[in-house]
Amino acid sequence: MQRIVTDDFLLGTLELRSRLINFRLIKQNWYIGAVLFMDAGRILNPVKLNLDDLPPESLSTYFNTGDRSIHKSFGAGLKLAMNENFVLSAEFAVPSDPQDGISGLYLGLGYQF
């Protein structure tokens, strides 16, 4: 449920980023940034599944075997970066189609190289 099952897929992201505040703290350079984004994906080659033993009411709830549409989500996030490469991020997104879920919250911690 709410997962893509495929051998081949196409994914894309469009982002608008902005650095909001630059400051120094504990002898380090920091900045707070914001991001607005749209993600999109499409199944190119679906996996063939044997759904013969699945009850018909579950088939329509959990599977849309003929779906070849582009699935999109829209969201926003905040970034806290130290010295241009250590980044804490929080992003929230909602899909454009209820079939793809309700929402997603993504938290990240890492280094950019």
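From the phi of every residue in the stretch 96-107, what ³J(HN,Hα) in whole Hz does the Karplus formula 6.51 cos²θ - 1.76 cosθ + 1.60 yield, where θ is phi - 60° and glycine or proline is x?
So the J values, rounded to whole Hz, are 7, 10, x, 4, 8, x, 9, 6, x, 10, 10, 10.
Report, to two decimal places, the Cα Rg of the chain normalised by 2.2 N^0.38 Å (N = number of residues).
Normalised Rg, Cα atoms only: 1.44.
What order do you get for Asp7, Asp67, Asp39 when you list them from fewest to most C-beta neighbours inside 10 Å?
On the way: Asp7 10, Asp67 13, Asp39 17.
Taking fewest neighbouring Cβ atoms as first place, the list is Asp7, Asp67, Asp39.
To make sure I understand, if each residue's beta carbon is the centre and we count other beta carbons within 10 Å, what order do Ile70, Ile43 fall in, fewest to most? Show your work: numbers first, answer last.
Numbers: Ile70 12, Ile43 18.
Fewest-to-most Cβ neighbours within 10 Å comes out as Ile70, Ile43.
Can you compute the modelled spin-label distance between Asn85 and Tyr111, with each label point 7 Å from Cα toward Cβ, in nm?
Simple spin-label model gives 0.6 nm for this pair.
What 222 nm value per residue comes from the helices of the chain, counting each DSSP H run with n ≥ 4 as -39,500 (n - 2.57) and dividing by all residues, nearest 500 deg cm²/dmol?
Mean residue ellipticity at 222 nm (helix-derived): -1500 deg cm²/dmol.
Do any trypsin sites (Lys or Arg not before Pro) in the stretch 12-47 lie in a DSSP loop with no more than 16 other beta carbon atoms within 10 Å, and if so, which?
Answer in residue order: Lys27.
Readers should treat all values here as calculations from the given coordinates under stated rules, not as data from a laboratory. Only a predicted model underlies this, so the values are computations on that prediction, with no experimental measurement involved. All Cβ positions, glycine included, derive from the backbone under ideal geometry; neighbour counts span all protein chains shown.
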